[in-house]
2 protein chains.
Amino acid sequence: MQFHFLGTSAGVPTRTRNVSALVLNPGLASGGLWLFDCGEATQHQLLAATVNAGKIEKIFITHLHGDHIFGLPGLLCSRSMAGSQAPLTLYGPKGLREFVDTTLRLSGSWTSYPLETVEIDAGLVFNDGQLRVSARRLAHPVECYGFRIEQHDIPGALDAARLIAAGVKPGPLFQRLKNGETITLADGRIINGLDYLAPPRPGKTLAIFGDTGPTPAALALARGADVMVHEATLEAAMAQKANSRGHSTSHQAAELARDAGVRRLIITHLSSRYDSAGATALLAECREVFANTALAADFAVFDVRADAFR
Amino acid sequence: MQFHFLGTSAGVPTRTRNVSALVLNPGLASGGLWLFDCGEATQHQLLAATVNAGKIEKIFITHLHGDHIFGLPGLLCSRSMAGSQAPLTLYGPKGLREFVDTTLRLSGSWTSYPLETVEIDAGLVFNDGQLRVSARRLAHPVECYGFRIEQHDIPGALDAARLIAAGVKPGPLFQRLKNGETITLADGRIINGLDYLAPPRPGKTLAIFGDTGPTPAALALARGADVMVHEATLEAAMAQKANSRGHSTSHQAAELARDAGVRRLIITHLSSRYDSAGATALLAECREVFANTALAADFAVFDVRADAFR
């Protein structure tokens, strides 16, 4: 699993940071990618990052503010003009369907691929064989969600050497044993697959936040996550201004990471007032509270498996 | 008067060319700028070109295809977030108002400045003291316009030296004479301002096209223009493909420039299939037909007063 940040600025683009967009490679067998938010020029950032828009299978929209959705019509159209036929599903708050339908209709556009828009509420978004995604409502002036992504436990490996030593021949039976089934051999012996499987590896848990001020829902969304991606729009001294607009400070993001017991925090969605030095100062503020914090930048890639960012 | 190209690619952005947008400095006393089309990431291009969005007074939209309008919501919002209070007027085909109103409403956005949207038909768009703008319908699958911009004649300079020699003292009388009035001096002599004015300088005429295949309306739009900005989406050998989609080739753009008797042609809106060498080849094709052709590139600036581009 891997994060690829495409936009890390709040509200407006700067010369070095675009507005919000984050690609998650959720480690699917299909190689498919998920996109979280789609600020204006996300398709340009994909082009610069050489990420193929046709590989994006799902787009999650945290809320409908312009810096999170104005890149969506262009991305949908360019994915179509490139001839993609792979289905795409959008998830986001009420109004998302009208936004997509209206912009495509008025621009005379259509998609070459099946496009589905799912307007969500808080709760389970979907749960398939590999991943479970749920949403919680955050504290922002408009309907805004954070997403908790829970990878199902990964089955342990079958101890083939021990099975062979027990006289079981490799072949179709191995697959049934790997699935945890109990089988009867030709000689009448009964073999339980679970006795030959290593314990499952626990799946990873990610928490990807939309814009928000501090809220109790955040704790539940992030609890125990391996990685939490959270906004840090303003510096610690500007809590009143940040919270009055439904945003968080560096310290508040870090306090949440600490209180939720996450392993790692990545901060993003920095105010356009911060240059590179300002951003580094925000990171330092976070680390005062929660050491294992990283600072997102456009085109930065973070591997979920890494134990620390430093 | 000056053109500042911000996007010169057709349909989709490339790594070196963004989708359509063109800033015209029409030489107003206000210093105000006009924008023609507003493809996605036009606000990013303005930022890179250090052109202040707050100085844009009018935006002309040739048609509602995504590569000409998807940057509009973001530009309107960022102009507002920068605190601009200067009025802005949008001109474009039917549907423009719904596009702007819907995207702003659903994104919870508003503007800090008066915003007016004028849905146009072919004919006069407006005529003020300095400029006359008219629109003609072009040949494209959706309602699409080209704009003819005619600068009013510029009054000639007052021959102050000759007036002083005739015994007229500099002062308020000079301004009245400059306005072409006839005045009576204290000694009874009658002075006609027109006798002391150089002939007016004829205003410039510009023709800025939206996407189009060849059409008789184009000739009227461009006739005698000082500068004509026209698409050249595909190379000369691909006329059938270009025209079937409502686009022109290099040769067709150049033939129009020649037949309309314009002084200079700038080609833009090149297919994303063309790299730098391909674009240069399109330019060469144009010059086979019409020598005084220039090739637009993102961030290229053209001065209307220059006699030739080479």
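The values are calculated or read from the model by the stated rules, or taken from the named source; none is laboratory data. Computed from a predicted structure; not experimentally measured. Backbone-built Cβ (ideal geometry, glycine too); neighbour counts: all protein chains shown.
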Residue pairs qualifying under the 6 Å Cβ cut-off, at least six apart or on distinct chains, with the first in the range A:228-247 being among the β-branched types (Val, Ile, Thr) and the second being assigned to a helix (DSSP H, G or I), are A:Thr233/A:Ala242
List the helices (runs of 4 or more DSSP H) inside the range A:1-103, counting only whole elements, that have at least 2 residues being within 14 Å of another protein chain (Cβ to nearest Cβ) and touching a Cys at 6+ places or on another chain (Cβ under 9 Å). A:66-69, A:72-81
Regarding the range B:200-223, can at least one residue be identified that is surrounded by fewer than 21 Cβ atoms within 10 Å (Cβ to Cβ) and more than 30 Å from B:Ala294 (Cβ to Cβ)? no
Go through (1) in contact with a Lys or Arg (Cβ under 9 Å, 6 or more places away or on another chain); (2) buried (at least 24 other Cβ atoms within 10 Å of the Cβ) and name the single condition A:Gln252 misses. (1)
A:Gly210 being under 21 Å from A:Val142 (Cβ atoms), in the same structural domain as A:Phe126 (by TED's automatic domain parsing) and either modelled with pLDDT of 95 or more or assigned to a helix (DSSP H, G or I) (or both): yes
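Would you confirm whether any residue within the range A:294-303 is in the same structural domain as A:Ala41 (by TED's automatic domain parsing), over 30 Å from A:Val51 (Cα atoms) and hydrophobic (A, V, I, L, M, F, W, C)?
Looking for residues that are in the same structural domain as A:Ala41 (by TED's automatic domain parsing), over 30 Å from A:Val51 (Cα atoms) and hydrophobic (A, V, I, L, M, F, W, C), one finds none in the range A:294-303, hence no.
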Condition check: farther than 19 Å from A:Val142 by Cα, buried (at least 19 other Cβ atoms within 10 Å of the Cβ) and among the aromatic types (Phe, Trp, Tyr). Does A:Phe290 satisfy that? yes
Index of the failed condition, A:Ile164 passing every other in (1) part of a helix (DSSP H, G or I); (2) more than 12 Å from every other protein chain (Cβ to nearest Cβ); (3) crowded, with 16+ Cβ neighbours inside 10 Å: (3)
Qualifying residue in the range B:262-278 (condition: in a loop (DSSP other than H, G, I, E, B) and of a type in the set (A, V, I, L, M)): yes
